[in-house]
1. Give me a count of the residues in the range 27-44 that are free of Cβ contacts under 8 Å to residues at least 40 places away in the same chain and exposed (fewer than 14 other Cβ atoms within 10 Å of the Cβ).
2. So which residues in the range 380-408 are surrounded by fewer than 21 Cβ atoms within 10 Å (Cβ to Cβ) and over 14 Å from the mean Cα position of the chain (by Cα), if there are any at all?
3. Could you check, for the range 88-98, whether at least one of its residues is of a type outside the set (F, W, Y), at pLDDT below 80 and surrounded by fewer than 15 Cβ atoms within 10 Å (Cβ to Cβ)?
4. Among (1) more than 23 Å from L410 (Cα to Cα); (2) in a helix (DSSP H, G or I), which single condition is A75 missing?
5. Out of (1) under 25 Å from the mean Cα position of the chain (by Cα); (2) crowded, with 18+ Cβ neighbours inside 10 Å; (3) not aromatic (F, W, Y), what's the single condition that is false for V23?
6. Considering only the range 140-154, I want to know if a residue exists there that is under 27 Å from I86 (Cβ atoms) and buried (at least 18 other Cβ atoms within 10 Å of the Cβ).
7. Please indicate, with yes or no, whether at least one residue in the range 202-214 is surrounded by fewer than 17 Cβ atoms within 10 Å (Cβ to Cβ) and of a type in the set (D, E, K, R).
Amino acid sequence: MKKFIQTLKNIWSIPELRSKITVTLAFIAIYRLGTHIVLPGMDPSKINTAASSGGILGLIDAFAGGAFSQASILALGIMPYISASIFMQLMTLLYPRFQKMQKEGESGRKKINQYTRVLTVIVAILQSSAYVAFLQKTSGDAMLAAYKDYFWFSTTIILTAGTLFVMWLSERITDKGLGNGSSVIIMVGILARLPQSLWQEWLARSTSGGGGLFFFLIEIAVFVAIVMGLIVLIQAVRKIPLQYAKQIVGAKQFGGARQFLPFKLYSAGVMPIIFAQAIMFLPTLFSNFDSTKGIAQIFSDHSNAWYMVVYSVMVIAFTYVYTALIYNPRQIADDLRRSNGFIPGVQPGQPTADYIAAIFDRITLPGAILLALVGILPGFAQRLGVQPSFSTFFGGTSLLIMVGVVLDTLQQIETQLLMRQYDGLMNSGRIQGRQTTTTPI
């Protein structure tokens, strides 16, 4: 406890770090305030909050911190910007023009960011229109009669403006605050649901036949164990030794140092889970047809055995596909050769590319299997009697993002402490965040 208090004092004694933390907390407070402001023309007491509790809508509501189900002016949250960023990232991987633009340095990144912002506006307008139709279907009684004539127009503008405001907040957090702004906003939205979920789980366990305090403590212990295991999974790295050729420039020698090329055990992040959830949601669109109602029911139940099997297969497949898209062993081998680096015992060029590809094949499979296991853990939790709202914290996208962003933030704090010759946050080892990619989450 004494060391913990001293660490907090060290953190607060660094003016730059103190300013970053203060700015981040201020912007988070503004964002959370906005999530509780209801759209004009809606009666908050008549909104059907249960209509968006499952499927892809439940995922969006989780990322928005409950603003989606409450018909808030920030109901769409940061999701249009995330969707636009993912699309632009895929374009830079698949389209040569955007690949060239990305290699132009700072000017190219500014162009890509500008395209992302324009695409965010388009996505926000489309999603706003769909959200208005969703409100009219599920919470039509909550709309004020005097406001119905221009509700669609005003709501679309307000939701689009709200998305742009959240995007601006995320950029300010990235520039002036601590961590990646969009990731921090998503994490805050996820964490905002945790206290209420814990309370609902406690109420369920405290009733007759619920198991009482003993079972509740067991659930908390399992939750902590899953978080610790996920931290190990996120920080697991396969290091490939590198050697750089010695160069003599004047009277000085450069190079010759032995370094490592680190590869994460699972380098695709949360993207395979997001893609798998989006695909698994499609069969539920046909729930109104008698011939497909049974299949739609299976794909809407996360605790169904068939759902978990298909979901696991899709996560593993998407992990391989996404890893192949973001990593090019041939390009890595060429970059090493241009920098006079080589892997000891492996010839430069194509042999190096084949060696790196073999390493990727070995670490991707266990990483994909573990990622699939994390994705289906909420389904197992529901089958064991955990409340649906609390079971989402036992795995899946929410827990991956939450743990990953916390590790990234702690890593930045530790870097600031070590730069100023303070002790780090841990007695031994270093905190490692997720591998940095162009995707905000």
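The values are calculated or read from the model by the stated rules, or taken from the named source; none is laboratory data. Keep in mind it's a predicted model, so treat the numbers as computed, not measured. Note that we place each Cβ from the backbone using ideal geometry, even for glycine, and neighbour counts take in every protein chain shown.
1. Total satisfying the criteria: 2.
2. F380, Q382, R383, L384, G385, Q387, P388, S389
3. yes
4. The failed condition is (2).
5. Here V23 clears every test but (2).
6. Within the range 140-154, none of the residues are under 27 Å from I86 (Cβ atoms) and buried (at least 18 other Cβ atoms within 10 Å of the Cβ).
7. No: the range 202-214 contains no residue that is surrounded by fewer than 17 Cβ atoms within 10 Å (Cβ to Cβ) and of a type in the set (D, E, K, R).
Conditions (1) farther than 14 Å from G41 by Cα; (2) at pLDDT 85 or above, marked per residue:
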| position | (1), (2) |
| --- | --- |
| T138 | yes, no |
| S154 | no, yes |
| T207 | yes, no |
| I218 | yes, yes |
